[in-house]
Structure formats: structure tokens, C-alpha cells
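So the structure is just underneath, and the comments pick up after that.
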Amino acid sequence: MYYRYRPGSLTNQDYPAAAFFATRFFGWLRQAPEYRPYRASIDRRLGQSYLRQAYHFRKQGRHRDAIAAALAATRYDLSQGEHWRCLAAALTLR
């Protein structure tokens, strides 16, 4: 049996919906005071989500959005070289 996608369904879009929803969710968790002990882990997950967004925007040719997402990914996880490489590629409009 095959699953039929609705034309307006979020799962039928051409973007990584999980990355967009994850940034909103983890951003909310990061601001909540009861999750302060987990901030390093939340920041890592935020960085990964923004990185996925940056790759998507670069693929779509949306350079300004790609730069903003790559900057956010780098801001939340400075130690990851992949985030810096993605930022450099976004800045050179690749």
C-alpha cells in the first residue's frame, strides 16, 4: 500500500521540515530556565539544524538566507569545522 501525499502537506515540501521545526523547538528550550543545565547539548542541536537549513538554502540559490543560517549555525556551535566551511561557501555564493 502506498501513502498518498496531500499537495499542501508539510511532508511533501521540498525543504527539510525537521530542521525548520527543530530550530524553533530548541530555541524555545534554550530560553527556558529549567533546561539551563542542557544548554551545551541544545546549542549543538541548534547548530545542526541551522546547518541543514543553510545547505537547503544554498541548494535553492537563496544566498542571503543561506548566509544567515550558516551564521546562526556557527554562532551556536563554534567548534565545528563543517559550520565554518558552510559559512565560507555561503559567503562566496557557492
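At 0.36 nm per residue, minus the direct Cα-Cα distance, what do residue 36 and residue 63 gain on full extension? Give it in nm, one decimal, please.
Gain on extension, residue 36 to residue 63, equals 6.4 nm.
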For the range 45-54, 3J(HN,Hα) per residue [Karplus equation, 6.51 cos²θ - 1.76 cosθ + 1.60, θ = phi - 60°, Hz, x = Gly/Pro]: 5, 4, x, 5, 5, 5, 5, 5, 5, 4
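We did not get these values from a lab; they are worked out from the coordinates using the rules stated. Because the structure is predicted, anything quoted here is derived from the model rather than measured.
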